[in-house]
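Asks: The following block contains the structure, expressed as structure tokens.
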């Protein structure tokens, strides 16, 4: 039986103590058992042993005046509880406003307890775990680190303090394209927020592919300003790849036959906040209809993952299958890549660092997250753990 909800008299015709889990619950019980005119003398919170448990519980006790002959009332009118002060000469009605304040205080106490629980959890993650501490210090959120270490221990059976095994597992679970430039073909659409460096990544990729002998086209769709077109023209002339610009949505369908002539097509989409990128618009419909397109959502590494909710939403709306990381050189907290990858569970396709673009590999990402290359000894240990 739950000992938190019960009524007991202190003595004959003496005040009655009503117990409940919360103050609100106690008031409700008083109303149900003693009616609207019950007089409340006071309340307190006590800790006592559970009746059928092995621990203790906190309950709220409310003392109710029990005049001789008082009968239980089932009056359904609004509550008019009264408090009696210490002297016993005056009473005050318990208004709806006061009940609302009780609710507010209880919710506040609950929220504070949750905050303290989170703080304690964050501290426990890094306590005595050098790898977790280095990841958090490197920019990863404690919540993401906890999630990763929980997965690691549940999937491998290793202790979360097993650094070598944890690094091996993390490297295997950092999803990336893990291929070479020789396998990069087809049509690829790139989109991202303002400041993601989309055009820079596209132009660097086009130059690399053209150097490898691919017939490459960069297609600028609905450009936002003339400077972007000028930049495309200059780089196309310098590197030798083809360039085209679509100024109107009516030209989208007609361009598709033209795209088949190329080994690789890189599509420069407007930024995510531009009106032409509205869900259900002409551009959205055109890309959704081209199921053979690879869709890359780009995330600038110098941004805060918590500010990238729009990117996560866009990745779903545009049915993206790849995540691209740009501007890695601008972040001093490389481990936050783990948060980006957690929010957007897509394999990482390309990374841009110091103006250079590379196809992402899991090992390369792990090196960057840790802030340094593995030493020979660490690499040998990790390879041994994998074996």
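The values are calculated or read from the model by the stated rules, or taken from the named source; none is laboratory data. These figures come from a predicted structure and were not determined experimentally. Cβ placement follows ideal geometry from the backbone for every residue including glycine, while neighbour counts extend to all protein chains displayed.
Asks: I'd like to check something: does segment 223-237 contain any residue that is buried (at least 22 other Cβ atoms within 10 Å of the Cβ) and out of contact with any helix residue (DSSP H, G or I) (no Cβ under 9 Å at 6 or more places or on another chain)?
Replies: Looking through segment 223-237, none of the residues is buried (at least 22 other Cβ atoms within 10 Å of the Cβ) and out of contact with any helix residue (DSSP H, G or I) (no Cβ under 9 Å at 6 or more places or on another chain).
Asks: I would also like to ask the following. Is there a residue being assigned by TED's automatic domain parsing to the domain that holds residue 191, over 16 Å from residue 187 (Cα atoms), at pLDDT 95 or above and surrounded by fewer than 17 Cβ atoms within 10 Å (Cβ to Cβ) anywhere in segment 247-255?
Replies: No, segment 247-255 contains no residue that is assigned by TED's automatic domain parsing to the domain that holds residue 191, over 16 Å from residue 187 (Cα atoms), at pLDDT 95 or above and surrounded by fewer than 17 Cβ atoms within 10 Å (Cβ to Cβ).
Asks: Further, regarding this structure: Can you name the residue in segment 179-199 that is closer than 18 Å to residue 344 by Cα and either in a strand (DSSP E or B) or not assigned by TED's automatic domain parsing to the domain that holds residue 307 (or both) and, of all such residues, is farthest from the chain's Cα centre (by Cα)?
Replies: Among residues in segment 179-199 that are closer than 18 Å to residue 344 by Cα and either in a strand (DSSP E or B) or not assigned by TED's automatic domain parsing to the domain that holds residue 307 (or both), the one farthest from the chain's Cα centre (by Cα) is 189.
Asks: Let me ask something else. Can you tell me how many residues within segment 303-319 are part of a loop (DSSP other than H, G, I, E, B), surrounded by 17 or more Cβ atoms within 10 Å (Cβ to Cβ) and in contact with a helix residue (DSSP H, G or I) (Cβ under 8 Å, 6 or more places away or on another chain)? Don't jump to the end; show me each part of the working.
Replies: Initially, segment 303-319 is screened for residues part of a loop (DSSP other than H, G, I, E, B), giving 303-304, 308, 318-319.
This time we only want the ones that are surrounded by 17 or more Cβ atoms within 10 Å (Cβ to Cβ), so: 303, 308, 318.
Subsequent filtering for residues that are in contact with a helix residue (DSSP H, G or I) (Cβ under 8 Å, 6 or more places away or on another chain) retains 308, 318.
Looking only at that region, the number is 2.
Asks: Oh, and also: Quick check on my filter: what residues within segment 230-246 are under 37 Å from the mean Cα position of the chain (by Cα) and either outside the structural domain of residue 292 (by TED's automatic domain parsing) or within 15 Å of residue 217 (Cβ to Cβ) (or both)?
Replies: Let us first name the residues in segment 230-246 that are under 37 Å from the mean Cα position of the chain (by Cα), namely 231-232, 245-246.
Selection gives 232, 245, 246.
Asks: Here's a follow-up. Counting only residues that are at negative phi and without any contact (Cβ under 8 Å) to a residue 24 or more places away in the chain, how many does segment 139-164 have? Don't jump to the end; show me each part of the working.
Replies: Within segment 139-164, the subset at negative phi is 140-156, 158-164.
Then keep just the ones that are without any contact (Cβ under 8 Å) to a residue 24 or more places away in the chain; that gives 142-143, 150-156, 158-159, 162.
Residues meeting the conditions: 12.
Asks: Next question, about the same structure. Which residues, counting only those in segment 147-169, are under 21 Å from the mean Cα position of the chain (by Cα) and either in a loop (DSSP other than H, G, I, E, B) or not assigned by TED's automatic domain parsing to the domain that holds residue 130 (or both)?
Replies: Correct list: empty.
Asks: Quick test for you: out of 272, 266, 283, 287, pick the one residue that is closer than 29 Å to residue 207 by Cβ and either part of a loop (DSSP other than H, G, I, E, B) or not assigned by TED's automatic domain parsing to the domain that holds residue 354 (or both).
Replies: Working: 266 fails: either part of a loop (DSSP other than H, G, I, E, B) or not assigned by TED's automatic domain parsing to the domain that holds residue 354 (or both); 283 fails: either part of a loop (DSSP other than H, G, I, E, B) or not assigned by TED's automatic domain parsing to the domain that holds residue 354 (or both); 287 fails: either part of a loop (DSSP other than H, G, I, E, B) or not assigned by TED's automatic domain parsing to the domain that holds residue 354 (or both).
One residue alone meets the criteria, 272.
Asks: Go through (1) surrounded by 18 or more Cβ atoms within 10 Å (Cβ to Cβ); (2) out of contact with any helix residue (DSSP H, G or I) (no Cβ under 6 Å at 6 or more places or on another chain); (3) over 18 Å from residue 363 (Cα atoms) and name the single condition residue 148 misses.
Replies: Unmet for residue 148, out of (1) surrounded by 18 or more Cβ atoms within 10 Å (Cβ to Cβ); (2) out of contact with any helix residue (DSSP H, G or I) (no Cβ under 6 Å at 6 or more places or on another chain); (3) over 18 Å from residue 363 (Cα atoms): (3).
Asks: Which condition number does residue 140 fail, the rest of (1) at pLDDT 80 or above; (2) outside the structural domain of residue 162 (by TED's automatic domain parsing) being met?
Replies: Of the numbered conditions (1) at pLDDT 80 or above; (2) outside the structural domain of residue 162 (by TED's automatic domain parsing), the odd one out for residue 140 is (2).
Asks: Kindly check whether there is at least one residue in segment 246-258 that is under 25 Å from residue 351 (Cα atoms), without any contact (Cβ under 8 Å) to a residue 60 or more places away in the chain and not in a helix (DSSP H, G or I).
Replies: Looking for residues that are under 25 Å from residue 351 (Cα atoms), without any contact (Cβ under 8 Å) to a residue 60 or more places away in the chain and not in a helix (DSSP H, G or I), one finds none in segment 246-258, hence no.
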